[in-house]
Amino acid sequence: MMNPRIISRFLPVPLLFGLAFVLFAPSLRYGLVDLDDQLYVAANPLVMEGFDLPHVRATFLSFQHGMYAPLLWLSYGVDAALGNASPATPWGFHLTNVMLHALNAVLLYCLLQKTGGTPWRAFFFAALWALHPLRVESVAWITERKDVLSGFFGLLCLGAYCRFGTARSHPGPARVGIPPYAAAVVFFALGLLVKPTLVPLPGALLLLDYWPLRRFEFSWRSLRSNALRLLAEKTPFFALAGLAAFGASAAHRSMHALADVPWSVRLSATPLHYVFYLAKFAWPDRLSPVYPDLAVTATASVLASILLATLTAWVWTSRARRPERLVGWGWFLGWLLPAIGLVRFGAQSIADRFTYLPAMGLSIALCALGRSPARTAWRRLRFWLASGVLALLAGATLRLLPAWRNPESFHARILSIHPDNPAALSMRSFYGIRTAGDFEGAQAGFDRIIQRGVFNHDVLGGKARCLAALQGPAAAKTFLLQVPAASNPYARHAIAWDLARYALMSRQYDEAIRYAERAMAVFPNQRESQPYLHLLAMVAAFEKGALLLALEHARRFPAYAEKTTLEQADLLPYYLHQWMEFHRDDAWIYFQRLIQSAPDQPRLLNNLTWGLATADWSPAPPAAVLALARQVCEALAPPGPGALDTLAAAQANAGDFLAAVQTIQTALAALPDADTPELRAFREKLVSRQARYRQNQPYREEAFSRLLATQFGKGLSTTHKNAP
């Protein structure tokens, strides 16, 4: 029979990893949600446009979405390049999240052992953290790779530092390899290149110096002897943390993402936020991906402050007997500090994901709980109690996980808890437009938000978009002109851009140019929007007949820098963007003009047909798209596999799936005999699409976004301006 000590030494690690992995494994089947997943992955050229040296260089030389997070983008890029992860099949992105979380559970187990826990006690409290439903948001949400990856590097840093501190306290023979102190600094720097959430880590190092490393005590004599030395030792950590904090603050300030909330409200809300997270840790009920701000009253703030002060006093007075309590409580308070509401980044002041690293402190603080003489009856009771707690937490996690399955379940979860949540109503409205062109349903959602008086320029832009689709661009323009002037430059920029768009759609060319120039003046160096605004002004000037002015704006569009003349086909990138922004009636009118003016350009017509045939929804009648596909095949007679693939997509889009299956079979037979990687990949796509057609399912993709990026320059932002 195996020795129990050997079991205790080797079994907890694989068991803990396996439990964490299996519990979150259902998320491997989930898709993307419409809260930043599109921005971070689907529409991010650093992720989806290959993984080579230029892309690696670009990740280290650019800010994305107000963040400097090169290792985050690289990690997504590795998933896409090596794991074939994509927006359509995102299991690779989810797999990495789940693997990292399971590894973090193991690293926390190792840390708990260092802070005085026995193997099975450390196992329980590491599992308490890893299986808790508060972890769902950080693991199941692809965007929150930030938490699990930065946490991984942070825990490696803490482990290396513990080795360093142990060696300093108990010198022994020198070991060959990277010095633990240097490794700790490197891991800390790597973590900050994922997310600045690790900024409080130097404070955690000082807590570890107190316990378990015992490098100082809270006495005047010990502090006088050791404080300066220990603080000087942390200089690289404080320097890196300061740079990261300054960079994050500057980036959010430049994007006007620092919420302007009075300091009196922030200070009053801080104790309430701490108590909110403690309550959710103890009783994880009604967890939501999005919470409204807590109602701050003087009475509630005072009561929360008294509770926190009482807990802190109890922890402080028991520090001699239970030093891990002080370390864990200080960890929890300190690591939450950047996200506790004193500095308001973005719209959310509270979120489950904010507890990913701070909650480890509660596991450390509780690690001594339940110690007693090792009587057999108590050991059995303790085992069943621990098993029951973990089973309840795992059950709660399994019930919460499906909220992240897809956008519909995501919206439903939020609205089931907060029926009037403006963020969820806005996301659901934009999702209805994006997937089905449901402008009436979306308008009802936007109106509901506006009536409550809690809205931003994205909601106003969404409402205008619905008006343009339902009543025409003049109604959208009239609505935006009635919007009060905004102090936020992003709102002024967005509204001026939309006014330019609707003026152009109304054939008010001079107004369109004027509003476009006004939008450009707000952010003259913004690379995401400037090219499209120049395209808008180019189209307005072209339609007006001012060719020289049109060329002036055209040359500011990267792909048109060398243009000396313009023709109808040169307007295509603007109308591709219009299509992506869901002004598809306007784009379809232009596409028809282009088709009539370019009958001798079958490649161009084939690209247009493919985009129309594979769109989720389209104003183009399926019969018209099918006729265009046949026109392309006749122009190319005999048609090649690419044109036949387009014809099959158009047949399936029109509901003739049997013909689509037969056309794909013809395309497969027309493929060259050469066995190259490109041909193998194309053959696999044809076979995959044929399987869909056999199941009476049309093929869908966002083809015009890819066409814009590939034909008019990589690196162009293809993000929808108002969509979340």
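The values are calculated or read from the model by the stated rules, or taken from the named source; none is laboratory data. Here the structure is a predicted model, which is why all the values come from computation and not from measurement. Neighbour counts run over all protein chains shown; Cβ positions are idealised from the backbone, glycine included.
Just checking, which of LEU576, LEU594, LEU571, LEU605 is among the aliphatic types (A, V, I, L, M), touching a residue at least 24 places away in the same chain (Cβ under 8 Å) and closer than 23 Å to ALA464 by Cα?
LEU576
Which one of these is in contact with a His (Cβ under 8 Å, 6 or more places away or on another chain) and not in a loop (DSSP other than H, G, I, E, B): GLY77, GLY92?
Testing whether each residue is in contact with a His (Cβ under 8 Å, 6 or more places away or on another chain) and not in a loop (DSSP other than H, G, I, E, B) leaves just GLY77.
Just one of the numbered conditions (1) surrounded by 20 or more Cβ atoms within 10 Å (Cβ to Cβ); (2) more than 30 Å from VAL136 (Cβ to Cβ) is not true of ASP447; which one?
Tallying (1) surrounded by 20 or more Cβ atoms within 10 Å (Cβ to Cβ); (2) more than 30 Å from VAL136 (Cβ to Cβ), ASP447 fails exactly one: (1).
Name the one entry in ARG353, ARG325 that is of a type in the set (Lys, Arg), closer than 25 Å to ALA140 by Cα and modelled with pLDDT of 90 or more.
When all the criteria are applied, what remains is ARG353.
What residue, of ALA540, ALA561, is out of contact with any Gly (no Cβ under 9 Å at 6 or more places or on another chain), among the aliphatic types (A, V, I, L, M) and modelled with pLDDT of 95 or more?
ALA540
Please give the number of the condition ALA624 fails out of (1) without any contact (Cβ under 8 Å) to a residue 24 or more places away in the chain; (2) in a loop (DSSP other than H, G, I, E, B).
ALA624 satisfies all of (1) without any contact (Cβ under 8 Å) to a residue 24 or more places away in the chain; (2) in a loop (DSSP other than H, G, I, E, B) except (2).
If the requirement is being charged (D, E, K, R), closer than 27 Å to ALA546 by Cα and crowded, with 16+ Cβ neighbours inside 10 Å, which of these qualifies: ARG501, ARG492?
ARG501
THR270 - would you say it is polar (S, T, N, Q), loosely packed, with under 13 Cβ neighbours inside 10 Å and either assigned by TED's automatic domain parsing to the domain that holds LEU333 or touching a strand residue (DSSP E or B) at 6+ places or on another chain (Cβ under 8 Å) (or both)?
no
Looking at (1) under 23 Å from PHE63 (Cβ atoms); (2) in contact (Cβ under 8 Å) with a residue 40 or more places away in the chain; (3) in contact with a helix residue (DSSP H, G or I) (Cβ under 8 Å, 6 or more places away or on another chain); (4) not hydroxyl-bearing (Ser, Thr, Tyr), which one does MET520 not meet, given that it meets all the others?
Among (1) under 23 Å from PHE63 (Cβ atoms); (2) in contact (Cβ under 8 Å) with a residue 40 or more places away in the chain; (3) in contact with a helix residue (DSSP H, G or I) (Cβ under 8 Å, 6 or more places away or on another chain); (4) not hydroxyl-bearing (Ser, Thr, Tyr), the lone unmet condition for MET520 is (2).
Among the residues of segment 413-426, which ones are surrounded by 20 or more Cβ atoms within 10 Å (Cβ to Cβ), in contact with a helix residue (DSSP H, G or I) (Cβ under 6 Å, 6 or more places away or on another chain) and not polar (S, T, N, Q)?
ARG413, ILE414, PRO422, ALA424, LEU425, listed by residue number.
Working only within segment 450-479, note down all residues that are polar (S, T, N, Q) and either in contact (Cβ under 8 Å) with a residue 12 or more places away in the chain or crowded, with 24+ Cβ neighbours inside 10 Å (or both).
ASN456
Determine, yes or no, whether SER506 is surrounded by fewer than 20 Cβ atoms within 10 Å (Cβ to Cβ), within 19 Å of GLU581 (Cβ to Cβ) and in contact with a Pro (Cβ under 7 Å, 6 or more places away or on another chain).
yes
Can you name the residue in segment 191-224 that is of a type in the set (Gly, Ala, Ser) and surrounded by 13 or more Cβ atoms within 10 Å (Cβ to Cβ) and is also nearest to the chain's Cα centre (by Cα) among such residues?
So the residue we want is GLY191.
Just checking, how many residues over segment 309-351 are touching a helix residue (DSSP H, G or I) at 6+ places or on another chain (Cβ under 7 Å), free of Cβ contacts under 8 Å to residues at least 12 places away in the same chain and either crowded, with 18+ Cβ neighbours inside 10 Å or small (Gly, Ala, Ser) (or both)?
1
Is there a residue in segment 422-431 that is over 21 Å from SER349 (Cβ atoms), hydroxyl-bearing (Ser, Thr, Tyr) and touching a Phe, Trp or Tyr at 6+ places or on another chain (Cβ under 6 Å)?
Yes; the residues of segment 422-431 include at least one that is over 21 Å from SER349 (Cβ atoms), hydroxyl-bearing (Ser, Thr, Tyr) and touching a Phe, Trp or Tyr at 6+ places or on another chain (Cβ under 6 Å).
If you take the residues of segment 680-702 that are in a loop (DSSP other than H, G, I, E, B) and of a type in the set (D, E, K, R), which of them is modelled with the highest pLDDT?
ARG700
For segment 472-513, enumerate the residues that are closer than 20 Å to GLU552 by Cα and out of contact with any helix residue (DSSP H, G or I) (no Cβ under 8 Å at 6 or more places or on another chain).
Answer for segment 472-513, where residues must be closer than 20 Å to GLU552 by Cα and out of contact with any helix residue (DSSP H, G or I) (no Cβ under 8 Å at 6 or more places or on another chain): just GLN508.
Given the structure, is GLN482 under 20 Å from HIS577 (Cα atoms), surrounded by fewer than 22 Cβ atoms within 10 Å (Cβ to Cβ) and without any contact (Cβ under 8 Å) to a residue 40 or more places away in the chain?
Against the criterion (under 20 Å from HIS577 (Cα atoms), surrounded by fewer than 22 Cβ atoms within 10 Å (Cβ to Cβ) and without any contact (Cβ under 8 Å) to a residue 40 or more places away in the chain), GLN482 does not qualify.
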